[in-house]
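Notes for the one structure printed next.
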Amino acid sequence: MYFSFLLNTAYSQNIQSPSKKISVDFKLTPSGQPSYAINYNSKLVISESTLGIKLKDKPALDANFVIDSVKNSSFNESWKPVLGEQENIVNHYNELIIALSQKETHIKMNLIFRVFDEGVAFRYDFPKQKDLNYFIISDEVSQFNLADNHKVFSIPGDFDSQEYVYNETLFSEIDNSKLNLNNGIGVKSIAGKYTVQSPLMMKSPSGLYLNIFEAAVVNYPVMHLDAAVKNNKLTSHLVPNAIGDKAYLQAPCVSPWRTIMVSDDARDIVGSKMILNLNEPCKIDDTSFIKPMKYVGIWWEMHVGKSTWDYAGSQNAQNSLTQDLIPSGKHGATTENTKRHIDFAAKNGFDGVLVEGWNVGWEDWFGNWKEEVFDFTTPYPDFDLDVITAYAKSKNVKMIMHHETSGSVANYERHLDRALELMKKYNYPAAKSGYVGKIIPRGEFHDGQTMVNHFNFVARRFADYRLMINSHESSRPTGYSRTYPNYIAAEAARGNEFNAWSTGNPPMHETILPFTRLLGGPMDYTPGIFEIKMSYYDKSKTEQVQTTLAKQLALYVTMYSPLQMAADLLENYEKYPDAFQFIKDVALDWQDSKYLEAEPGDFLTVVRKAKNSEKWFLGAITDENARKSEIKLDFLTKGKKYKAIIYEDAKDADWKNNPIAYKISTIEVTSKSKIKLNLAPGGGTAISFEPIN
């Protein structure tokens, strides 16, 4: 009886990371509410924070709990991703499972904690039970109470878009009402003045780096965060569906993992594989069809106004489809233009060609909540699928399909199998999908449970057909690519195209994304723009890519993806063939990756070793400030000599005033060598290390 009394009313539990740097203290409050706190090297990181789930038409699962049992275990494995930043990923954690039951309702709920060397994860687990079968979550009240007023890198908690620039402020200064929302985002659904998105990257006044995110979002909405700016508290904010409910579940089931990463070294955060580790292992038996791809495409020319997605050449997107479709000569997706891209890809060793605007419907597809839009199978008259397929095959180049849904998800799902059958018929190995606009079913958000299920379903359906998918305007990835690695990449953040026609992406943008968006999976950022200023195409334009050319090269290394686009126009690469060589050379799949320097919002330097090769590639980027540093090359194989080809900013380079100024040099190095990096404002350095035989 005495032990039972302790277990049920006064029991607390501590669990530590394998290194013992991180500890979690769990207890029930006097009202029987679960709570936890986190320490890092004995420093308080998350002060006592309560947990709970609110149910629709049932008592809330946030108090009156007793502890039925406690189970501790450890886990340590190494697994091989199909594609990744490293050949082997270590998954090492200590686990605590606390079995709870609620006194009055007898409902059972388990809390599962996993503590890694770089952070903590917890989730809600609902076992099969007679008192809880089907249920509706009306809210989740997971708290993350910070120990101080941290510096934060935040974007608004928008249920429909993550395509924002980051705001670097103190936590107490979070305020979405002060932001300039004339930023090129087409559909906005911001939850509130103080709601921000996860992953939320932070730095404490004492120099600790923290990141709050989630992993394995399956059959559940995306979690945003409500900030109580006066007392440094965060509370989970789930995205609702069309009638205001958050999630429909049936026991047994689990919530996504809520994650808190912490370290005194920023490199531990940016290099973490914790999010991937929290997802289920690969469910595809034969992954041989999943291959990295480097591609060019008919895409940037539309963004800069050289050509159009639609056949009639209006670039209106809201014209009536009853008009006569008379070609204007501006349509980009023509058979001849596609052949030109295939020739370029074949000549330069690229794997694929993406073509947007190939299918009928682009004259009237955006902004009107129109349901019957694209059919994903009917090409425009000037795009000959048979001719293009035969031509691509003769050049050993693969075509990448494009599926823009215009947010009409119901329409896409109705047509999906026919669209995938067309891809198989014409030997397309991969597709890029798009979800621009308001969602149909009407009233649903991009980040709600319905759409999370859709994005995951599409990945699984593509896998059934042995095809790869790269989603744009989707909910942001949370490691599902471990389970379905044919989900090869996603956008789900503010990509490079915003530089062509909006306020653009400030120089610090790419130094933050690896600490936020990229923690959940590869990003199709579409780097490689060489003609930086849009006035090159139209003298009246003032927009530009807010980097130097050398930084565009470095992004191929710092922004990990096994699917990488050389996004600029072909003729711009032909103008700068020496710089283009790095894009041709850089690998896509990696044996090892080492983050050498890292500071969110300021700089990042990473070096990666190509899989099954002795070649290494380095990418270093900075924000709006010039930067000098010196790096050791001790990652190179001892005793080997390497040719280092250095692509760097010229002395007078500057992202705003002189962005195309670069220089290329070649030196011989070994593992004992050092290299000085000189990055211009908004600049970068890319280096390829080739062994000398």
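What the Kirkwood sum gives for the chain is a hydrodynamic radius of 26.2 Å, with every pair of different alpha carbons counted.
Between the C-alpha center of the stretch 153-200 and that of the stretch 456-518 there is a gap of 18 Å.
Ligands, DNA and RNA left out, the 1.4 Å accessible surface of the stretch 139-187 is 42% carbon and sulfur atoms.
Our note on the geometry: Cα centres of the stretch 30-59 and the stretch 353-380, 48 Å apart. Entry comment: accessible area of the chain is 36 Å² per residue, from protein heavy atoms only and a probe of 1.4 Å. Using just its DSSP H runs of length 4 or more, each adding -39500 (n - 2.57), the chain gives a mean residue ellipticity at 222 nm of -4500 deg cm²/dmol after division by all residues. Against the longest principal axis of the chain, how steep is helix 385-394, in degrees 0 to 90 to the nearest 10, with axes from Cα atoms? Between helix and principal axis, roughly 80 degrees.
Distant-in-sequence amide contacts of ASN64, defined by a placed amide H-H separation under 5 Å and a gap of 5 or more residues or a different chain, comprise GLY32, GLN33. Count Lys and Arg as plus one, Asp and Glu as minus one, and take only other residues whose Cβ is under 14 Å from that of VAL254; the net charge is then 0.
Working from Cα positions, state the angle (0 to 90°, nearest 10) between the long axis of helix 335-348 and the longest principal axis of the chain. Rounded to the nearest ten degrees, it is 80. Positive end of the dipole of the stretch 105-244 (Cβ unit charges, origin at the Cα centre): among TYR220, VAL187, THR169, the Cα lying farthest that way belongs to TYR220. Here the gap between LYS283 and ALA228, fully extended at 0.36 nm per residue and compared with their Cα-Cα distance, gives a gain of 15.8 nm. To the nearest 0.05, how large is the calculated FRET efficiency for SER535 and HIS92 if R₀ is 56 Å and r is the Cβ-Cβ distance? E(calc), rounded to 0.05, equals 0.60. Please sort by residue number the chymotrypsin sites (Phe, Trp or Tyr not before Pro) in the stretch 171-219 whose DSSP state is loop and whose Cβ has at most 10 other Cβ atoms within 10 Å. Nothing satisfies the criteria. The angle between the Cα long axis of helix 549-558 and the longest principal axis of the Cα atoms of the chain comes to about 40 degrees, rounded to the nearest 10. Of all lysines in the structure, the ones whose alpha carbon falls short of 22 Å from that of LYS103, not counting any fewer than 8 places away in one chain, are LYS27, LYS54, LYS56, LYS58, LYS71, LYS128, LYS130.
Entry note, the chain: relative contact order of 11 percent, from Cα contacts under 8 Å with a spacing of 6+ residues. A Cβ-based charge dipole, computed about the Cα centre of the stretch 334-380 with Lys and Arg at +1 and Asp and Glu at -1, lands at about 320 debye. Ordering GLN449, MET565, ILE46 by Cα displacement along the dipole of the chain toward the positive end leaves ILE46 in first place; charges were set at the Cβ atoms of Lys, Arg (+1) and Asp, Glu (-1). On the beta carbon distance between GLU77 and LEU170, with R0 = 41 Å, the FRET formula returns roughly 0.55. When the GluC sites (Glu not before Pro) in the stretch 101-155 are filtered for DSSP coil states and for at most 11 other beta-carbon atoms within 10 Å of their beta-carbon, the remaining sites are GLU104.
For the stretch 401-556, the fraction of alpha-carbon pairs lying more than 26 Å apart is 34 percent, rounded to a whole number. Here the calculated FRET efficiency for LYS58 and TYR11, from their Cβ-Cβ distance with R0 = 25 Å, stands at 0.45, rounded to the nearest 0.05. Within the stretch 215-254, the trypsin sites (Lys or Arg not before Pro) that combine a DSSP coil assignment with at most 13 other C-beta atoms in a 10 angstrom radius are LYS230.
Taking each residue as 0.36 nm, the span from ASN180 to LYS43 lengthens on full extension beyond its C-alpha to C-alpha distance by 45.6 nm. Neighbours of SER204, meaning other residues whose beta-carbon lies under 10 angstrom from its beta-carbon, give a summed charge of +1 when Lys and Arg score +1 and Asp and Glu score -1. From the residues VAL436, GLY329, GLY352, which one has its Cα farthest along the dipole of the chain in the positive direction, the dipole being from +1 and -1 charges on Cβ of Lys/Arg and Asp/Glu about the Cα centre? The residue sitting farthest along the positive end of the dipole is GLY352. In plain terms, the chain from ASN427 to ALA242 could stretch by 62.8 nm, reckoned as 0.36 nm per residue minus the Cα-Cα distance.
The values are calculated or read from the model by the stated rules, or taken from the named source; none is laboratory data. Bear in mind that the values here come from a model prediction, so they are computed numbers and not experimental data. Methodologically, a virtual Cβ is constructed for each residue, glycine included, from the backbone with ideal geometry; neighbour enumeration extends over all protein chains shown. Just so you know, the surface numbers come from the protein's heavy atoms only, side chains and all, with ligands and any DNA or RNA stripped out. Shrake-Rupley method; radii C 1.70, N 1.55, O 1.52, S 1.80 Å.
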